[in-house]
Amino acid sequence: MKLLILGGTQFLGRHMAEQALAAGHEVTLFNRGNQGRLLAGVEQLQGDRRGDLSILRGRRWDAVLDPSCYLPSAARRSAELLRDAVEHYCLVSTISVYPTITADTDEASAVAELSAAELDQIEAQAQAQIGTKGSQSGGGYGAAYGGLKVLCERTVQGLMGERALILRPGFIVGPYDYSPRLPYWLQRLADSARDGETVLAPGRPERPVRLIDARDIARFALQRAEARQGGLFNTVGADGLNMGGLLEAAHSACGSKAELVWLPDEGLLAAGIQPFADLPYWLPEADNAMMDMRNPAAEVAGLRFTALAQTLADTAAWLNAGPRPSSPCLSRERERALLEAWRPAALVNP
């Protein structure tokens, strides 16, 4: 299969490229070239999808994988240009399209809407950044992120019809994850393996958590592309994981035996700890519904999950092999102060 990936150098896109190469596919990457050439055996075309896509014109591929689209205008440019040049178009969206998430949220649930004025303002700002190396990541769009992704989905579906595959991931983990989320916990526990210090664990150990390995999404996307199968799927991860299980598995991956001290939601909130931002994957119980969301339709269609222990071991090995990413999460000094203040009332994990 001749495959075009819009991006392909970071995290999910890189896993897509690596798996496609391993499967024997012919891979072309289109990106801004900011990361240099990271993969051997691929054709790399340089350009900015916010502006000129002419380097793609006149070419043909069997399928395109698009994990890097955040603006409806970018979705329209690529889908219009590739509509007659590819047989299949996979757009990676997000569960942030759902303004309200419960355990019953599925692909037919209500999605976020942006006003025309909001969209015009965001698109104008994006146009002003063309030619710069500014970030295109979803976090830069704040509360508008989900609504923008909805419009990207509708644009691709409108132009590609049944040839469109839309994937809505939740919290993606795995090697090449430069976010401060899973790397925070793995690095914190690796530090505890060296210094023996107690580790703050947030909320209840039994609180559900749901994560998905980037390689599982990449594998599912490639399978659907090979079969030229479209559709719309939530891809959020396997059932049965909780925060206690995650941290215990991370313990094993890091070779750490440090004591975990579980501080209750109310104590963390009273101390001004920011959910998720300071302690990744921690949400107060009242806001944790998104961790109960499921993906039965994708599982029926063939989505399979990497064992958590494998994901953590591979991510820890990747972190150990490269420079340590900086973290904006909870500092060691603040963690020590919290543990000192709350330890008498904390629940200690045996």
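The values are calculated or read from the model by the stated rules, or taken from the named source; none is laboratory data. What you see is a predicted model; the values in this text were computed from it and never measured. Counting neighbours? That spans all protein chains shown, and the Cβs are built from the backbone with ideal geometry, glycine included. Ligands, DNA and RNA are excluded from the accessible area calculation, which covers all protein heavy atoms including side chains. Shrake-Rupley method; radii C 1.70, N 1.55, O 1.52, S 1.80 Å.
Tabulated data for the structure shown
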| item | result |
| --- | --- |
| Boolean, Gly196 is on the phi > 0 side of the Ramachandran plot, over 16 Å from the mean Cα position of the chain (by Cα) and modelled with pLDDT under 95 | yes |
| Total residues in segment 21-38, condition buried (at least 19 other Cβ atoms within 10 Å of the Cβ), of a type in the set (A, V, I, L, M) and either in a loop (DSSP other than H, G, I, E, B) or within 19 Å of the chain's Cα centre (by Cα) (or both) | 0 |
| Odd one out for Ile273 among (1) more than 20 Å from Ser327 (Cβ to Cβ); (2) outside any helix (DSSP H, G or I); (3) among the aliphatic types (A, V, I, L, M) | (1) |
| Subset tally (residues that are in contact with a helix residue (DSSP H, G or I) (Cβ under 8 Å, 6 or more places away or on another chain) and on the phi > 0 side of the Ramachandran plot) for segment 2-28 | 3 |
| Segment 125-138, residues that are farther than 15 Å from Arg76 by Cα and either outside any helix (DSSP H, G or I) or modelled with pLDDT under 85 (or both) | Ala128, Gln129, Ile130, Gly131, Thr132, Lys133, Gly134, Ser135, Gln136, Ser137, Gly138 |
| Condition check for Asp106: in contact (Cβ under 8 Å) with a residue 60 or more places away in the chain, part of a loop (DSSP other than H, G, I, E, B) and of a type in the set (Asp, Glu) | yes |
| Residue within segment 259-270 that is of a type in the set (A, V, I, L, M, F, W, C), open to solvent by 10 Å² or more (accessible area, probe 1.4 Å), touching a helix residue (DSSP H, G or I) at 6+ places or on another chain (Cβ under 8 Å) and at negative phi present | no |
| Condition check for Glu335: open to solvent by 60 Å² or more (accessible area, probe 1.4 Å) and either part of a helix (DSSP H, G or I) or farther than 18 Å from Phe171 by Cα (or both) | no |
| Number of positions in segment 287-332 that are part of a helix (DSSP H, G or I), open to solvent by less than 40 Å² (accessible area, probe 1.4 Å) and polar (S, T, N, Q) | 3 |
| Residues satisfying the stated conditions in segment 1-20, i.e. touching a strand residue (DSSP E or B) at 6+ places or on another chain (Cβ under 8 Å) and open to solvent by 10 Å² or more (accessible area, probe 1.4 Å) | Met1, Lys2, Gly7, Thr9, Phe11, Leu12 |
| Any hit, segment 209-220, residues being under 19 Å from Pro67 (Cα atoms), more than 12 Å from the chain's Cα centre (by Cα), open to solvent by 10 Å² or more (accessible area, probe 1.4 Å) and not acidic (Asp, Glu) | yes |
| Residues being of a type in the set (A, V, I, L, M, F, W, C), open to solvent by 30 Å² or more (accessible area, probe 1.4 Å) and in contact with a strand residue (DSSP E or B) (Cβ under 8 Å, 6 or more places away or on another chain) - total across segment 39-80 | 1 |
| Enumeration of residues in segment 245-271 that are under 20 Å from Thr315 (Cα atoms) and not polar (S, T, N, Q) | Gly245, Leu246, Leu247, Glu248, Ala249, Ala250, His251, Ala253, Cys254, Gly255, Lys257, Ala258 |
| Selection within segment 1-20 - part of a loop (DSSP other than H, G, I, E, B) and more than 18 Å from Val86 (Cβ to Cβ) | Thr9, Gln10 |
